[in-house]
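Please read the structure below before turning to the comments.
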Amino acid sequence: MPSSSSALPAGLDGGFPITRGLLGARSVEPAVLTYGGALPALPSLLRAALRETWGIDVSPGADGPDPLASRAFGILYAHVRAEQVVLAVSARTNLTLAGSTVRIVGDGPLATALTTVLRRLGAAVVRATDDPVERLAARLDGVRVEAVADTGTAHLTLLTGVGHDGVAPTAAAGLVADASPRPVDATDLPSPRPHVRTTPNGALVEMPSPLPVEGEHPTATQLHLADALVATLIADAEADLATAVTP
């Protein structure tokens with residue numbers, strides 16, 4: 001798993017290896033690269049470093065492509081985000097995942113990646129999804145499946161951010177973690193311990209952002225995903241991005 005902490009490279013010196021590998025020796029024309037979808041904005045310090053290094057300005061915009069729709073980025077994001085979320089849950093709670101029942105609510109590559117990581121750690125996974133194809137895939141993998149509206153008992157509920165519009169993180173019962181690209185802000189709720197908030201029906205474990213956050217020290221995982229995001233926006237093809245990640 002990626003390291004939990006890392007300093008932002010000054011001027012990106014030695015940083016962003018995926019982007020560097022993709023660009024190679026070729027130059028990049030100054031450009032504004034926008035992206036849509038659910039991913040949050042990059043912090044101003046990192047955007048300034050990208051402008052200084054490659055002359056590119058990366059920012060969210062409604063007319064930009066959704067990086068999570070990219071097959072290569074989607075696969076990388078799901079695996080890295082799943083590990084980030086599981087590490088955060090382990091570090092911020094007393095829950096032992098081995099032997100615990102974890103309910104994954106929602107769809108998409110992240111749900112699949114979370115299932116893989118948790119089963120590897122010895123957790124019993126329940127997939128809550130209303131998508132027929134997702135249900136089929138989960139059942140073929142030997143995973144128990146139930147509807148999103150079911151109220152099954154679990155030691156932990158993980159929300160993926162996709163396919164569960166009627167389930168709010170602060171309203172779900174029991175111990176809950178929001179693994180979506182923009183985790184819910186619950187700072188207005190009481191906190192019995194760091195990174196845990198008391199909700200009307202249980203407790204919410206605060207999850208780190210997948211990307212670096214304004215005013216906060218970025219982790220290696222967040223910088224890794226930011227690197228992959230930039231590479232996705234400048235890649236000419238999915239194969240180029242995949243090769244840059246795993247040359």
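Assorted remarks:
- Per residue, region 94-247 exposes an accessible area of 47 Å² to a 1.4 Å probe, with every protein chain left in place.
- Across the accessible surface of region 144-227, with the other protein chains kept in place and a 1.4 Å probe, carbon and sulfur atoms take up 54 percent.
- Separation of region 67-98 from region 16-66 is 23 Å, based on Cα centroids.
- The chain - share of DSSP beta bridges that are antiparallel (%, nearest 5): 15
- Charge sum, other residues only, whose C-beta stays under 13 Å from R182's C-beta, Lys/Arg counted +1 and Asp/Glu -1: -2
- Region 122-190: relative contact order in percent, alpha carbon pairs under 8 Å with at least 6 residues between: 25
- Relative to the Cα centre, the charge distribution of the chain, modelled as +1 at Lys and Arg Cβ and -1 at Asp and Glu Cβ, gives a dipole magnitude of about 780 debye.
- Note on exposure: V85, V167 ranked by accessible area (1.4 Å probe, complete protein assembly) read V167, V85, with the most exposed listed first.
- Efficiency of FRET between V213 and R119 - r from beta-carbon atoms, R0 25 angstrom, step 0.05: 0.25
- Helical runs (DSSP H, four residues minimum) scored at -39500 (n - 2.57) apiece and divided by the length of the chain put the mean residue ellipticity at 222 nm at -10500 deg cm²/dmol.
- When peptides 16-24, 222-230, 148-156, 184-192 are sorted by average Cβ neighbour count within 10 Å, with the highest value leading, the order is 222-230, 16-24, 148-156, 184-192.
- Taking every C-alpha pair closer than 8 Å and separated by at least 6 residues, the mean separation divided by the residue count of the chain gives a relative contact order of 24 percent.
- Integer Hz, Karplus 6.51/-1.76/1.60 couplings in order for region 45-58, x for Gly and Pro: 4, 6, 4, 5, 5, 5, 5, 5, 7, 10, x, 10, 10, 10
- Neighbourhood charge, 13 Å Cβ-Cβ cut-off, centred on P212 and excluding it, Lys, Arg +1 and Asp, Glu -1: -2
- Solvent-accessible area of E146 with every protein chain in place, 1.4 Å probe, in Å² to the nearest 10: 20
- Counting 0.36 nm for each residue step from N94 to T187 and taking away their Cα separation leaves a gain of 31.4 nm.
- Comparing mean-square fluctuations of S100, S209, S90 from a GNM of the chain with C-alpha springs under 10 Å, the top value falls on S90.
- The spread of Cα positions in the chain, taken along each principal axis and listed from longest to shortest, comes to 55, 40, 32 Å.
- Among L140, G99, A186 - extreme Cα towards positive end, dipole of region 84-232, charges at beta-carbon: G99
- Mean separation of Cα pairs under 8 Å and 6 or more residues apart, divided by the residue count, gives region 53-169 a relative contact order of 26 percent.
- Each part gets one Cα centre, and for region 215-235 versus region 147-204 those centres are 26 Å apart.
- For region 19-65, fraction of C-alpha pairs farther apart than 16 Å, in %: 43
- Rounded to whole Hz, the Karplus (6.51, -1.76, 1.60) HN-Hα couplings of region 117-134, x for glycine and proline: 4, 5, 5, 5, 7, x, 7, 8, 9, 10, 8, 9, 8, 9, 7, x, 5, 4
- At full extension, A173 and L45 could sit 42.3 nm farther apart than now, given 0.36 nm per residue minus the alpha carbon distance.
The values are calculated or read from the model by the stated rules, or taken from the named source; none is laboratory data. Nothing here was measured: the structure is a model prediction, and the numbers come from that model. Note: ideal-geometry Cβ built from the backbone for every residue, glycine included; neighbour counts use all protein chains shown. Quick note on the areas: whole protein, heavy atoms, side chains included, nothing else; ligands and nucleic acids left out. Shrake-Rupley method; radii C 1.70, N 1.55, O 1.52, S 1.80 Å.
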